[in-house]
Amino acid sequence: MRAVAVAVAMFFSAVLAAASAQSAERWAELPAFPPMPPAKTSVKMYYAEYGAGDPILFIHGGLGSADVWGRQVEDFAKDHLVIVADSRGHGRSTRSGQPFGYDLMTSDYVALLDYLKLDKVTLVGWSDGGIIGIDMAMKHPEKLTRLIAQAANVTTEGVKPDVMTNKTFSDYIKSAGEAYKKLSPTPNEYDAFVNQISAMWMSEPAWTAADLGKITVPVTLAIGDHDEAIKLDHTERMAKEIPGAKLVILKDASHFAMLQDPEGYDAMIRDAMAGK
């Protein structure tokens with residue numbers, strides 16, 4: 001009987017071993033789902049097109065949205081293809097946890113132009129939009145016919161130290177916050193958005209004269225004679241360091257010249273496009 005018991009035990013051991021071997025086959029098991037690696041973050045970017053003709057891309061300033069260009073869209077859409085967009089985190093566009101940077105924001109606009117299959121555009125940039133334009137002129141000149149940058153700076157020293165105490169500029173920040181609540185997919189996150197972009201403003205831009213000296217596209221630099229945020233002598237230095245740059249002083253206007261004097265502002269753009 002002992003021999004029979006041993007034989008039975010050996011039989012079942014063999015069966016269990018075979019079953020174990022079978023379960024070890026790759027096709028016979030369901031592995032655990034692995035954790036995903038960190039993804040490259042992405043945003044959804046709002047844009048709009050108007051009119052037809054030679055393309056003009058308008059890029060707004062920090063905290064704002066494409067809506068600042070309403071008067072310019074109305075004018076230039078009569079004889080041009082006008083493209084406006086909300087920069088990442090601004091207006092109707094989303095933002096990610098990725099730190100803000102001018103190179104990153106420029107890459108968004110380069111991607112937009114590629115998506116729209118536009119080879120070259122006239123870029124009109126205001127404040128941060130002008131900085132994005134300068135960044136594009138340095139790193140993606142093939143995308144630009146010309147650049148018109150108003151109230152831009154190329155180092156943090158170009159910003160007036162008392163800008164945040166200026167009433168007009170404070171009114172803009174308040175107005176931008178109210179618009180954010182109406183337009184943004186994350187309407188209750190204005191403070192978080194401001195903190196995120198302010199981190200960029202603390203250290204960027206930081207370009208040298210050598211960087212600016214490499215720009216090859218035609219550049220017009222404009223600044224209001226009462227600009228609250230950007231130093232006039234800083235803009236004048238930019239005009240000297242960018243090869244062939246033209247400096248235009250907008251009379252009786254501030255950082256918000258496109259709103260305060262739309263006719264004069266549009267005339268400045270048309271003159272720049274005509275090479276004047």
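The values are calculated or read from the model by the stated rules, or taken from the named source; none is laboratory data. What you see is a predicted model; the values in this text were computed from it and never measured. Ligands, DNA and RNA are excluded from the accessible area calculation, which covers all protein heavy atoms including side chains. Shrake-Rupley method; radii C 1.70, N 1.55, O 1.52, S 1.80 Å.
Per residue, the accessible area of the chain comes to 53 Å², computed with a 1.4 Å probe over protein heavy atoms only.
Cα axis of helix 232-241 to longest principal axis of the chain: angle in degrees, 0 to 90, nearest 10? Taking Cα atoms only, the helix is inclined about 80 degrees.
Over the residues of the chain, the helix contribution to mean residue ellipticity at 222 nm works out to -12500 deg cm²/dmol, using -39500 (n - 2.57) for each DSSP H run of at least 4. For residue 246, the lysines whose Cα falls under 27 Å of its own Cα, not counting residues fewer than eight places away in the same chain, are 78, 120, 139, 143, 160, 214, 231, 276. P(r) tail for the chain: Cα pairs beyond 32 Å make up 32% of the total.
Equivalent-ellipsoid semi-axes for segment 75-208 (Cα gyration tensor, √(5λ), whole Å, largest first): 24, 19, 16. Counting only residues at least eight positions apart within a chain, or on another chain, the aspartates and glutamates with an alpha carbon under 13 Å from that of residue 182 are 67. Seen against the Cα atoms of the chain and their longest principal axis, helix 128-139 is set at about 70 degrees. Across the accessible surface of the chain, with the other protein chains kept in place and a 1.4 Å probe, carbon and sulfur atoms take up 59 percent. Annotation: segment 129-201 has a Kirkwood hydrodynamic radius of 14.6 angstrom, from the mean reciprocal C-alpha pair distance. Per residue, the convex hull spanned by the Cα atoms of segment 172-276 amounts to 142 cubic angstrom. So what's the angle, to the nearest 10 degrees on a 0 to 90 scale, between helix 102-115 and the longest Cα principal axis of the chain? Taking Cα atoms only, the helix is inclined about 80 degrees. Each principal axis of the Cα cloud of segment 170-233 was taken in turn, and the coordinate range along them, longest first, works out to 42, 25, 21 Å.
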